[in-house]
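The values are calculated or read from the model by the stated rules, or taken from the named source; none is laboratory data. If you're wondering where the values come from, they're calculated on a predicted model, not measured in any experiment. Every residue, glycine as well, gets a Cβ built from its backbone with ideal geometry; the counts of neighbours run over all protein chains shown. Only protein heavy atoms, including side chains, enter the accessible area calculation; ligands, DNA and RNA are left aside. Shrake-Rupley method; radii C 1.70, N 1.55, O 1.52, S 1.80 Å.
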Amino acid sequence: SWCENNNLLTEAVQYCLLAKEFERAAELITKRGPDLAQLYGDHYTVLDWMRRLPVKYHTSSPQLLLVHAWSSTFSRDPAFAVSLCEKVFLGVNDSQLYGWKLEKAAEAEVFWLAKTIVAIAGVVSDELTESIVLCKSIIENAPPSQVFTLSTAYCVMAYALLGLREYQESINYALEGYRCAVKAGSKFAAVWA
């Protein structure tokens, strides 16, 4: 509690896991994990937490599944990441499945982030054309308020185009990715772009 109250969330998660306070650990990972994984690229810590958190707590929130999927994708486990995103899609479509109570804005946010993680998994798996199609859909349909998701979609698109040797188009998407990353405050996405 002291660590949590003094904004030492990483330490608070560690103590909760050691004390087998798994429900509280899941809440704290949900709170701290996105910053670690998405803003700073610290996938090791997130994956270690998820390894130590019993599986029955993994579906406690879509955000927890997504941070796990994000770190799994960037740790070269794209198939597992996609399976986690599929759980998110199922949970968003059926609120009774995991007992999630999401407002429409939160539902849209997790839906588009899950789509983006699937696109990343496609690039990691060298499914560049499929990833490009998915990124175009995200860029065209995600709400403009989803700047981190859009930044990621632009970066994934740039990476896929680079793999196809479409250099100028890749540069253009990377630039858009950088602009959105700065707007989202994501150093990790800005460096990636």
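Annotations
- In the context of the full protein assembly, Cys135 retains an accessible surface of approximately 0 Å², using a probe radius of 1.4 Å and ignoring ligands and nucleic acids.
- Dipole check for the chain: with +1 at the C-beta of Lys and Arg, -1 at the C-beta of Asp and Glu, and the Cα centre as origin, the magnitude is about 240 Debye.
- Cross-linked pairs Lys20/Lys187; Lys87/Lys136; Lys31/Lys87; Lys20/Lys104: Cα-Cα separations exceed 25 Å for Lys20/Lys187; Lys20/Lys104.
- Environment charge of Leu64, counting only residues whose C-beta is closer than 13 Å and scoring Lys/Arg +1, Asp/Glu -1: +3
- Using a probe of 1.4 Å on the protein chains alone, the accessible area found for Phe80 is around 80 Å².
- With every protein chain in place and a 1.4 angstrom probe, the accessible-area ranking of Trp2, Trp112, largest first, reads Trp2, Trp112.
- The chain - Kirkwood radius from inverse mean 1/r over Cα pairs (Å): 16.9 Å
- In the chain, the longest principal axis of the Cα atoms and the axis of helix 104-124 are about 60 degrees apart.
- Simple Cβ-charge dipole of the stretch 124-169, Lys/Arg +1 and Asp/Glu -1, about Cα centre, in debye nearest 20: 120 debye
- Accessible area of the chain belonging to carbon and sulfur atoms, whole % at 1.4 Å probe: 53 percent
- Cut-off 9 Å between beta-carbons: net charge of the residues surrounding Leu9, Lys and Arg +1, Asp and Glu -1: -1
- Each of Ser61, Leu17, Gly91 was scored by the projection of its Cα onto the charge dipole of the chain, and the greatest displacement toward the positive side belongs to Leu17; charges sit on the C-beta of Lys, Arg, Asp and Glu.
- Model label sites at Ala105 and Asn7, defined 7 Å from Cα along the beta-carbon direction, differ in position by 2.2 nm.
- Angle between the chain longest axis and helix 43-52 axis [Cα atoms, degrees, rounded to 10]: 40 degrees
- Helix 147-163 and the longest principal axis of the Cα set of the chain meet at an angle near 50°.
- Tyr40 contributes an accessible area of around 130 Å² to the protein surface, as traced by a 1.4 Å probe with all chains present.
- Taking all protein chains together, Leu53, Leu8 sort by accessible area into Leu8, Leu53, largest first [probe 1.4 Å].
- Cα gyration tensor shape of the stretch 1-101, rounded if a/c is under 1.5, else prolate or oblate by comparing a/b with b/c: oblate
- Per-residue [θ]222 nm for the chain (sum of -39500 (n - 2.57) over DSSP H runs n ≥ 4, rounded to 500): -23500 deg cm²/dmol
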